[in-house]
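Working notes, structure below.
The values are calculated or read from the model by the stated rules, or taken from the named source; none is laboratory data. A quick note: this is a predicted structure, and the numbers were derived from the prediction, not measured. Cβ sites come from the backbone with ideal geometry, for glycine too, and all protein chains shown count toward neighbours. What goes into the accessible areas is simple: the full protein's heavy atoms, side chains included, and nothing from ligands, DNA or RNA. Shrake-Rupley method; radii C 1.70, N 1.55, O 1.52, S 1.80 Å.
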Amino acid sequence: MRMPVDTEFIALDTLNGQHAVVEGPRATSSMAFRVVPLVRPQEQFRVLEGAGIRGGPTGTGCFDRDLEASGWPVLQPERLEIVQINLGKLCNMTCRHCHVDAGPDRTEENMDRATVDACLRLIDRTQARAVDLTGGAPELNPHFEYLVDACIQRGIHVMDRCNLTVLLTRRYQHLPAWLAARGVEVICSLPHYRELGTDAQRGKGTYEKSLRALRRLNEVGYGLGDQRRVLTIVANPVGAFLSGQQASLEREWKAALARQHDVHFDRLLTLNNMPMSRYLEWLMETRQVEAYLNRLVSAFNPATIAGLMCRNTLSISWDGYLYDCDFNQQLDMVMNLPGRRAHVRDFDLEAWNRHVVQTHRHCYGCTAGAGSSCSGAIA
Ligand code: SF4
Ligand code: SF4
């Protein structure tokens with residue numbers, strides 16, 4: 001379905017090349033818009049497989065073999081706790097590191113009401129304790145509020161992965177108070193508490209808009225220690241390095257944002273950038289694919305495996321297909337279930353419990369250092 005695009009989304013868009021001193025990735029347009037070969041998952045696999053790998057438990061660069069050498073002959077789910085729904089690829093921004101290749105031009109790929117209702121029926125058949133709404137900017141999907149309300153009525157914890165700037169657009173300014181009234185956890189992305197790194201990766205003016213959105217969330221009670229108004233910030237490196245230590249960065253960020261801007265939040269999650277999609281494109285342009293992959297593989301940490309999010313999370317795409325995680329979804333790595341391609345309409349919990357997770361070299365992003373998941377560091 002082609003959705004109407006508010007010109008204000010476009011006006012918030014980001015392409016700029018003014019921060020020449022920053023070495024990290026800069027905002028761009030979507031690869032789908034530019035029709036580059038790397039938009040195809042097969043091309044991304046080809047690039048990843050072409051990198052010479054030296055480190056890791058086996059030195060082969062084979063994620064499955066490194067798992068096996070670490071005592072995990074197969075990677076299987078433990079228990080379904082979180083249903084992550086990707087409501088679509090439409091976004092008001094075009095961040096350089098985006099693993100979804102989202103942007104204002106991605107108007108076709110958005111979940112319709114029938115699929116939203118099928119997601120709710122799936123949730124009813126599981127013991128999932130939380131629903132994680134992502135995108136794109138999930139708020140731009142016309143069924144976002146309907147879905148949130150339906151989950152809240154079911155007593156399920158709802159997480160909204162919010163890019164912050166969307167809360168300033170004309171049509172969505174009511175959302176901070178609306179989300180607060182329902183106790184939705186807002187998980188917002190901000191690469192750094194300093195302006196330069198954030199604007200370079202997410203687009204000129206993003207930092208200032210993000211601070212304004214954070215203040216609005218503070219004004220309605222978010223980020224002040226209230227368990228019904230939890231404000232979480234997700235930080236990812238602005239460059240080709242691993243995330244820092246989550247607990248110490250949280251202390252540093254809380255102090256810096258409070259001191260410099262009187263802005264407050266509850267917790268910080270650190271994520272590694274995944275070597276795929278637009279971040280992989282940036283790695284290729286800067287000739288860092290092999291170096292970054294080796295950095296991830298060398299930092300392979302077996303202690304992260306038990307907590308990998310593919311072991312407790314089910315990922316649903318905008319068109320209702322099922323995946324082991326949002327990364328596999330973007331690489332179109334179909335879930336390894338018997339029969340026809342797994343769809344939300346015919347989800348089988350027993351089969352999900354028994355299935356083997358699909359992996360490839362991008363998975364080293366989840367097992368590097370302290371690990372990386374939608375819940376932040378793992379080990
Ligand atoms: S990283 Fe998030 S905010 Fe940025 S383009 Fe992707 S979906 Fe949008
Ligand atoms: S990328 Fe997905 S499948 Fe691979 S380890 Fe991470 S969560 Fe699991």
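Scan the stretch 204-225 and give yes if some residue there is under 30 Å from residue 44 (Cβ atoms), hydroxyl-bearing (Ser, Thr, Tyr) and out of contact with any helix residue (DSSP H, G or I) (no Cβ under 7 Å at 6 or more places or on another chain), otherwise no.
no
Only one of these is touching a residue at least 12 places away in the same chain (Cβ under 8 Å), open to solvent by 20 Å² or more (accessible area, probe 1.4 Å) and touching a strand residue (DSSP E or B) at 6+ places or on another chain (Cβ under 7 Å): 374, 325. Name it.
It is 374.
Any idea which of (1) closer than 21 Å to residue 221 by Cβ; (2) within 16 Å of the chain's Cα centre (by Cα); (3) of a type in the set (Gly, Ala, Ser) is the one residue 137 doesn't satisfy?
(1)
Which is within 16 Å of ligand 2 (Cβ to nearest atom) and of a type in the set (S, T, N, Q), of 165, 134, 169, 232?
Exactly one residue qualifies, and that residue is 134.
Name the residue, out of 200, 247, 180, 258, that is touching a residue at least 24 places away in the same chain (Cβ under 8 Å) and more than 19 Å from the chain's Cα centre (by Cα).
When all the criteria are applied, what remains is 180.
Given the conditions (1) open to solvent by 20 Å² or more (accessible area, probe 1.4 Å); (2) more than 16 Å from ligand 1 (Cβ to nearest atom); (3) part of a loop (DSSP other than H, G, I, E, B), report the number of the one that residue 80 does not fulfil.
Every condition holds for residue 80 apart from (1).
Among the residues that make up the stretch 354-364, is at least one of them within 15 Å of ligand 2 (Cβ to nearest atom), under 30 Å from residue 33 (Cα atoms) and open to solvent by less than 10 Å² (accessible area, probe 1.4 Å)?
The answer is yes; a qualifying residue exists.
Sort through 55, 71, 59 and tell me the only one that's part of a loop (DSSP other than H, G, I, E, B), within 26 Å of residue 291 (Cβ to Cβ), away from ligand 1 (no atom under 16 Å from the Cβ) and touching a residue at least 40 places away in the same chain (Cβ under 8 Å).
55
Those residues that are on the phi > 0 side of the Ramachandran plot and open to solvent by 20 Å² or more (accessible area, probe 1.4 Å), I need them from the stretch 255-299; list them, please.
262, 287
Just one of (1) over 16 Å from the mean Cα position of the chain (by Cα); (2) of a type outside the set (Gly, Ala, Ser); (3) away from ligand 1 (no atom under 16 Å from the Cβ) trips up residue 314, so point out which.
(1)
Which ones in the stretch 45-69 are open to solvent by less than 20 Å² (accessible area, probe 1.4 Å) and in contact with an Asp or Glu (Cβ under 9 Å, 6 or more places away or on another chain)?
Those that are open to solvent by less than 20 Å² (accessible area, probe 1.4 Å) and in contact with an Asp or Glu (Cβ under 9 Å, 6 or more places away or on another chain): 51, 61.
Which fully enclosed helices (runs of 4 or more DSSP H) of the stretch 320-375 have 2 or more residues being over 15 Å from the mean Cα position of the chain (by Cα) and closer than 16 Å to residue 63 by Cβ?
By residue number, 364-367.
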